[in-house]
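The values are calculated or read from the model by the stated rules, or taken from the named source; none is laboratory data. All values reported here derive from a predicted model rather than from experimental measurement. Positions of Cβ are backbone-derived with ideal geometry, glycine not excepted, and every protein chain shown enters the neighbour counts.
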Amino acid sequence: MLPVTPSFRLDGLRALVTGASKGIGRAGAVALATAGADVVAAARSLEELEELSAALGAAGLACRAAQLDVTDRTAVRALVEAAGPFDILLNNAGTNIRQPFLEVPDESLDRLLDLNIRAMFTVAQAVAQGMVEQGRGGAIINLSSVNGHVAGANRSVYTATKHAIEGLTKAMAFEMGPHAIRVNAIAPGFVETPLTRDFLADEKIRTSQIRRMPLGRIMTVEDIMGAIVFLAAPASAMVTGTSLVIDGGFLTQ
C-alpha cells in the first residue's frame, strides 16, 4: 500500500490574519483563502481590507474585513471572541524603524516593543485560548525575520523584537503541544513590501543585499505564500517550535 500524501488544503478551517492590508499579511490572506480557509483579514486600514475582501469574494473565496489596532488589547480580545474561534493564525502585524542604536528615542523603542512583541503576544494568546476551548487543535504562525537570527545595522530594536518572537514561538510550541496546537515562525529575508520599499530603493543597498543572496534576487511576497500554507496545513502535522527561514540563502554567508 502506498503512503498517503498529507493535504495542503484548508477547507472548513477558519483563519485570522493580522496586518492583512498590505505586504506579507495581504499575501498570506490570499494564500490561506486560496487553499480553502475562511479568512478574517484584520488591520487598521479598513478601506484596503475591504478591497482585498471584495477581490477574493469575486474569485469565489471567503474573506471578511475586520478593522483592528492590534496594540489595543481590549479590541483584540473582543474581535477574537466575536469572530472566533480560529483554527489558524497568521500573526503578522509588525513594523521596523531603522535608527542607530545610540540614537533610538523612547518613542521608537516603545512603538516597536508594543507592536512587535506585546501585540503579537496578545493576539497569539487570545487565539490560542479559543483553540483550546474549541478542542480541535490549530496552527499559529508568527512572523519573524532573518533579524531574529542575525543582527543588522540600524536595527537594534527590531532585531531584539524578532529574537523575542523566535523565543516566544518555541515557548508557545512547548506549552501548546498537548492541545494539538502547532506554533511556528516564518523568518523572511528581504522581501519587496511597503515596509522595505524605501530601504531597497537605494541601489547601493539593493545591490549589496542581492550579492549576499546565492539565489540572486530580492524576494517578493509570493515567495512566502507557499510556506504559510504549508505551516497552516495538515501537511506539516508534526512541525512545531521551528523557524522556517526564507531568505534566498542570505544566512549561508
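Quick check on the stretch 76-95. Is at least one of its residues more than 21 Å from Val221 (Cα to Cα) and in contact with a Ser or Thr (Cβ under 8 Å, 6 or more places away or on another chain)?
yes
Need the failing condition index for Thr193 against (1) of a type outside the set (Gly, Ala, Ser); (2) part of a loop (DSSP other than H, G, I, E, B); (3) in contact with a strand residue (DSSP E or B) (Cβ under 8 Å, 6 or more places away or on another chain), just the number.
The number of the failed condition is (3).
On the basis of being modelled with pLDDT of 95 or more, β-branched (Val, Ile, Thr) and exposed (fewer than 15 other Cβ atoms within 10 Å of the Cβ), does Thr74 make the cut?
When the stated conditions are applied, Thr74 passes them.
Would you tally the residues in the stretch 202-223 being part of a helix (DSSP H, G or I) and at pLDDT 95 or above?
2
Scan Leu49, Leu68, Leu113 and give me the residue that is within 28 Å of Gly189 (Cα to Cα), without any contact (Cβ under 8 Å) to a residue 60 or more places away in the chain and surrounded by fewer than 22 Cβ atoms within 10 Å (Cβ to Cβ).
Going through Leu49, Leu68, Leu113 in turn, the sole match is Leu113.
When you look at Leu244, is it more than 13 Å from the chain's Cα centre (by Cα), over 25 Å from Pro85 (Cα atoms) and either hydrophobic (A, V, I, L, M, F, W, C) or crowded, with 16+ Cβ neighbours inside 10 Å (or both), yes or no?
No, not satisfied.
From (1) touching a His at 6+ places or on another chain (Cβ under 7 Å); (2) crowded, with 16+ Cβ neighbours inside 10 Å; (3) over 26 Å from Phe190 (Cβ atoms); (4) not hydrophobic (A, V, I, L, M, F, W, C), pick out the condition that doesn't hold for Gly130.
Of (1) touching a His at 6+ places or on another chain (Cβ under 7 Å); (2) crowded, with 16+ Cβ neighbours inside 10 Å; (3) over 26 Å from Phe190 (Cβ atoms); (4) not hydrophobic (A, V, I, L, M, F, W, C), only one is false for Gly130: (1).
Please tell me if Phe199 is at pLDDT below 95, within 25 Å of Val104 (Cβ to Cβ) and crowded, with 20+ Cβ neighbours inside 10 Å.
no
Looking for something farther than 18 Å from Gln99 by Cα, assigned to a helix (DSSP H, G or I) and in contact with a Gly (Cβ under 8 Å, 6 or more places away or on another chain) - is there at least one such residue anywhere in the stretch 179-186?
The answer is yes; a qualifying residue exists.
I'm trying to understand the selection: among the residues of the stretch 1-44, which are buried (at least 24 other Cβ atoms within 10 Å of the Cβ) and in a strand (DSSP E or B)?
Those that are buried (at least 24 other Cβ atoms within 10 Å of the Cβ) and in a strand (DSSP E or B): Ala15, Leu16, Val17, Thr18, Val39, Val40, Ala41, Ala42, Ala43.
From the residues in the stretch 10-43 that are under 16 Å from Thr193 (Cβ atoms) and among the basic types (Lys, Arg), which one is nearest to the chain's Cα centre (by Cα)?
Filtering the stretch 10-43 for residues that are under 16 Å from Thr193 (Cβ atoms) and among the basic types (Lys, Arg), the one nearest to the chain's Cα centre (by Cα) comes out as Arg26.
Name every residue in the stretch 85-110 that is more than 17 Å from Gly19 (Cα to Cα), of a type outside the set (Asp, Glu) and either free of Cβ contacts under 8 Å to residues at least 60 places away in the same chain or buried (at least 17 other Cβ atoms within 10 Å of the Cβ) (or both), in order of residue number.
Pro85, Gln99, Pro100, Phe101, Leu102, Val104, Pro105, Ser108, Leu109
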